[in-house]
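Below is one structure, written out as structure tokens; the observations come after it.
The values are calculated or read from the model by the stated rules, or taken from the named source; none is laboratory data. Treat the numbers as computed from the prediction; the structure is a model and nothing was measured. Counting neighbours? That spans all protein chains shown, and the Cβs are built from the backbone with ideal geometry, glycine included. For the accessible areas, the whole protein counts, side chains as well, though only heavy atoms, and no ligand, DNA or RNA atoms are used. Shrake-Rupley method; radii C 1.70, N 1.55, O 1.52, S 1.80 Å.
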Amino acid sequence: MQFSIIVPTLNESQNIDLLLTRLFALHLDPGNFEVIIVDDNSTDGTPEKVRIWTSHANVHLIERRGKPDLTASILAGVAAAHSNAIVVMDADLSHPPEQLLTMVTPILDNNYDVVIGSRYKAGGSTENWPLYRHCLSRIGGWLARSICDVSDATSGFFAFRRELSAHISDKAYGYKILLELLMAGQGKYRILEVPICFRDRMHGTSKLSISHQWAYLQRLMILAGGAINVNTAGRFALVGLLGVFIDAFVFQWLINQAAGLATAHILGFLAAATVNYALNSKWAFRQHHTDCLKWNQFARFLTVGALALLLRGGILALLVYVGHIPATIAIYPAIIATAIVNYFGAAFYVFPDKSNLPSVDIRWRVASIGIVIFIILLRLVYSGLAQLIPDEAYYWNYAQHMDLSFFDHPPMVAWLIWLGTGIMGQNEFGVRIGAFLCGLVAMGYLYAFAYNLYGKSTAMRAVMLLAVLPFGFSSGLLMIPDAPLVAAWIATLYYMERALINGRNSAWLGMGIAFGLGILSKYTLGLLGIAALVFVIIDPTARRWMKRPHPYLAAILALLLFSPVIIWNIENNWASFLFQSTRLLADDYHFSVHYLILHIIIMLTPVGFFAAAFILFSYNPNTQDQYEHRRRLFVQIFTGIPLLIFLILSTFDLPRFHWTGPIWLAILPTIAWMIGQTGDMRVLSSYLRKAWQPTLIICMFIYAFILHYVVLGIPGIPYQIFAEHYFWREATIEIERIVETVQHQTGKKPIVVGMSKWSVASALSFYNQNGSHMDIRSRNMFGDSAAMYDFWFPSQQPTNRPIILVGMKRHQLERNQAGDDLSQMLDQPDLIQYRMIDKHGIPLRRVYYRMAQGFTGKIEAHSLN
Ligand code: GDD
Ligand code: MN
């Protein structure tokens, strides 16, 4: 006996004869195999039909009584099998019997442990399936793929060595026994996937029901390390329900006491959480730990709770401020959303089933998915709520003066804002939706890039790092040129790797596009071009590209995409190019390498910084592997060359805080790979691995905290730090009031002058959309340069219209950059005054202003110097 075919049946009387006939028509040696039909109490006469076969062919019938279950049936068949090679297939002819030998031979030859008949491998297919089954199968497969690396982990047609079934969890049940089998192998099995054509049944009906799908989700959670089972879920829900009441009760009471939204929801949450933790640890998740209070676990509970709480503030604000739902009703959906976050956090992180933990690798994957989802939610919820920072308001002003390019930046940021606000409206969400989408594109390309370099687990961790590390997080939230830059940068890297390491011709097309769009976002992308050149010079295999047309065509394509910037510059006397180059060559000498390093530490976190340094400087020369060698070279050059250029610049110039952000994208996959190298025993790398968990949590906490703080406030913490650069919505309303008073008194429309380069004027313009329209200028009126405002408002003639200067700091209203006293250019200037800006009685910031009866013209002498 060589192999056993196991066929589970449940009411398959119309199919079973057809199947057995087709099986025996294959003319296999009858002594070589047996067929075991495992029937689950069919009521349509299936067992009777099988019994006719058992008398004259090597067919056995197992009749199970009790609760039908596919997994249990197959295991019963395995137990009764007489051979060591097992093939499982459906009875309804969905699986072609003609492929049996292809499936089983690799097992018999002991070349593989498991052979999967895959519908989703190239060459495989499904026929006659209704659309909803396709979708279900796709979703199910997609979920499974996050923890299991085969194309079709939910297939019902597979072969394996019999002893493997002993490792299947005794809790397994339902349809997906293959997934259970594969997961029990912890990635150690030799797996072959054979493409098959799955044909939907002609007779009878499918037995796959909603409850099977529910069971599948549950088993998937457990296989991924979540402590979900019917007991805990029920208890958890009960405890949660009690929590909801406490939470909502405290919230309502505080709202009635006229407490703010933030205070009410935070205190409500704390009250509920205290009760919940006590009950959950003593009761709901009891079986997983001992009775004594564990600090580690309590810390984890607090972490999850705090993150859920900070997210919930945003949801609440969204419902109340944007949806105009009364707070006392909005609290319920907010609680439900928090409960979901809390539930997953509890199952996977706070109270995981220690007896059933999957491998470290799988746990990292689960953590990555959870963290990335949380970050995406955080961005979605808060991006429309948090007011614009002045930079974003400035680029919004770009979009109000649409052009081929702009003086201090290429046009992509403006185009995206123009599109976003065109669709979503002139609000924060409309401005930021572009950044959000760029963040998703960046994640997609980073996944693909890291996947090509190191495989799936690393790719998932790399995306997690991008989501969580400060530069990555902010680039997917704030609509500044770096948002599209990061997306284009990582796309360029992806195509570079495909072209230079993998040798793909077609990658050059993608590269041309990515590079072109990237340089339309920010000129720094050009550094990747230099890095590519260096790589091609050093790497002999890649060098052959120099003699082929593809790179040159890609460069031409990129140049074509970049042409709007060139045209704008031709029309504007090369202003933008001159600006970019002269600001590097400016005579103000600053040695600022230390600042550069400090910035990098902030953008990457200290742990990320050390990991990056470790990778950059620990070149491992004793590797013989050619691919490994080239991969390292790629990472080191595409990170090292841009870094080197920034280092050189910083020896004589002051770099801006976020400039080096994107250069770390090339090294993220390697950092992510290092996190998973449990075998690497070097002290530094093992410390770094341990440090990642707190780092990730602290980062997430800080973002959620800041967003909650600027949108709803945090009780007990006043607004002070940096506030004068922010809260322009309220500040603008105050300025509008002043303008109205002046207009009323003088009968003339005043000119409002933002007394910073562009921040004040831009922010005032963006937030002056509801009140009466103000006439807003920038400080170039007084002879200072003000970037695009020099183009939009080139000169201001003397006028006797009233002037209102607005600034963030007092000194901005005293003198211009050249040191001239502003009162000389003003007619009857007033004293500098300020107003305190507040929201619901909570002080936010000051705004400074100064009035005058007119403008006498700017002093030209100084600005000519
Ligand atoms: N013994 C037993 N007990 N057999 C069962 C049971 C049960 O509880 N439920 C179903 N079967 C048998 C059916 O009689 C059939 O032979 C086989 O298992 C597959 O059942 P179908 O009802 O035909 O499943 P399907 O076609 O919807 O699903 C197919 O595709 C899925 C992936 O999308 C199967 O191949 C699944 O295994 C597969 O996961
Ligand atoms: Mn079927």
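Remarks
- Among the residues of segment 102-117, none qualifies, meaning not one is open to solvent by 10 Å² or more (accessible area, probe 1.4 Å), of a type outside the set (Val, Ile, Thr) and within 16 Å of ligand 2 (Cβ to nearest atom).
- Selected residue [in contact with a Ser or Thr (Cβ under 7 Å, 6 or more places away or on another chain), assigned by TED's automatic domain parsing to the domain that holds PHE160 and of a type outside the set (A, V, I, L, M, F, W, C)] from GLY77, GLY45, GLY31: GLY45
- Residue within segment 59-66 that is of a type outside the set (Ser, Thr, Tyr), surrounded by fewer than 16 Cβ atoms within 10 Å (Cβ to Cβ) and part of a helix (DSSP H, G or I) present: no
- A single member of LEU560, LEU553 is open to solvent by 60 Å² or more (accessible area, probe 1.4 Å), assigned by TED's automatic domain parsing to the domain that holds ALA499 and more than 22 Å from LEU485 (Cβ to Cβ), and it is LEU553.
- Taken over segment 142-163, residues that are open to solvent by less than 60 Å² (accessible area, probe 1.4 Å), more than 16 Å from ligand 2 (Cβ to nearest atom) and not in a strand (DSSP E or B) amount to 8.
- Of all residues making up segment 64-90, the number that are among the acidic types (Asp, Glu) and more than 8 Å from ligand 1 (Cβ to nearest atom): 0
- Applying the condition of being more than 16 Å from ligand 2 (Cβ to nearest atom) and within 17 Å of PRO47 (Cα to Cα) to segment 6-26 and asking which residue is least open to solvent (accessible area, probe 1.4 Å) yields LEU20.
- One residue from TYR175, TYR189 being of a type in the set (Ser, Thr, Tyr), touching a residue at least 24 places away in the same chain (Cβ under 8 Å), away from ligand 1 (no atom under 14 Å from the Cβ) and outside any helix (DSSP H, G or I): TYR189
- PHE791 vs. criteria closer than 23 Å to TRP396 by Cβ and either in contact (Cβ under 8 Å) with a residue 12 or more places away in the chain or under 48 Å from the mean Cα position of the chain (by Cα) (or both): yes
- Of all residues in segment 164-185, those satisfying the criterion of being open to solvent by 50 Å² or more (accessible area, probe 1.4 Å), closer than 22 Å to ILE210 by Cα and of a type outside the set (D, E, K, R) are TYR173, TYR175.
Let's see how each residue does on (1) touching a Phe, Trp or Tyr at 6+ places or on another chain (Cβ under 7 Å); (2) of a type outside the set (Gly, Ala, Ser); (3) more than 30 Å from PRO326 (Cα to Cα):
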site	(1), (2), (3)
ARG162	no, yes, yes
ILE191	yes, yes, yes
ARG219	no, yes, yes
GLY226	yes, no, yes
ASP247	yes, yes, no
ASN256	no, yes, no
ALA259	no, no, no
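- All of ILE648, ILE637 fail the test of being open to solvent by 30 Å² or more (accessible area, probe 1.4 Å) and within 18 Å of VAL534 (Cβ to Cβ), apart from ILE648.
- Qualifying residue in segment 89-97 (condition: assigned to a helix (DSSP H, G or I) and within 16 Å of ligand 2 (Cβ to nearest atom)): yes
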